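Before any comments, here is the structure.
We did not get these values from a lab; they are worked out from the coordinates using the rules stated. Computed from a prediction, not measured in an experiment: that's the story for all the values here. A quick note on method: Cβ atoms are made from the backbone with ideal geometry, for glycine too, and the neighbour counts reach across all protein chains shown.
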Amino acid sequence: MPVTTKFIFPQSRYYGTFTPENLIFNTNLQEFSHRVSIICALETGGKISTQDAFSQIAELWQQLEQSKHNLCI
C-alpha cells in the first residue's frame, strides 16, 4: 500500500485469535468504521442530510452483519 494511502486510510493490526474468518471480519469492521467517519464528516459539514447519513450508515451496518453471517462468526 502506498504511503499516501496508509496515511489517509490507516489500518490497525489484528491482535485477536487468528483465523481467516476473524481476519476478514476485522478488515470489514475497519472499513465500516472508516466509511461511517466519512459519512459523519459529510453530515457535519452540511453536505448530506441527517436522514441520508442515517440511511447510509444503516445500509453499511446491514452489510457488516451480512458479512459476519457469511463468515459464520
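If you take the Cα centroid of region 11-29 and the Cα centroid of region 33-48, the two points sit 25 Å apart. Once the Cα atoms are used to define both axes, helix 20-44 deviates from the longest principal axis of the chain by about 10 degrees. Each Lys and Arg Cβ is given +1 and each Asp and Glu Cβ -1; about its Cα centre, the chain then shows a dipole of about 260 debye. For Ile48, the residues whose modelled amide H falls within less than 5 Å of its own, excluding neighbours fewer than 5 places apart on the same chain, are Glu43. Computed over the chain, the per-residue total of -39500 (n - 2.57) for DSSP H runs of n ≥ 4 gives a 222 nm mean residue ellipticity of -24000 deg cm²/dmol, rounded to 500. For Leu42 and Glu59, the difference between the fully extended length at 0.36 nm per residue and the C-alpha to C-alpha distance is 4.5 nm. Between the residues Gln30, Ser49, Gln66, the greatest Cα displacement towards the positive end of the dipole of the chain, with unit charges on the Cβ of Lys, Arg, Asp and Glu, is found for Gln30.
Specify the angular offset, from 0 to 90 degrees and rounded to the nearest 10, of the alpha carbon long axis of helix 50-70 from the longest principal axis of the alpha carbons in the chain. It is inclined by approximately 10 degrees. What the Kirkwood sum gives for the chain is a hydrodynamic radius of 13.7 Å, with every pair of different alpha carbons counted.
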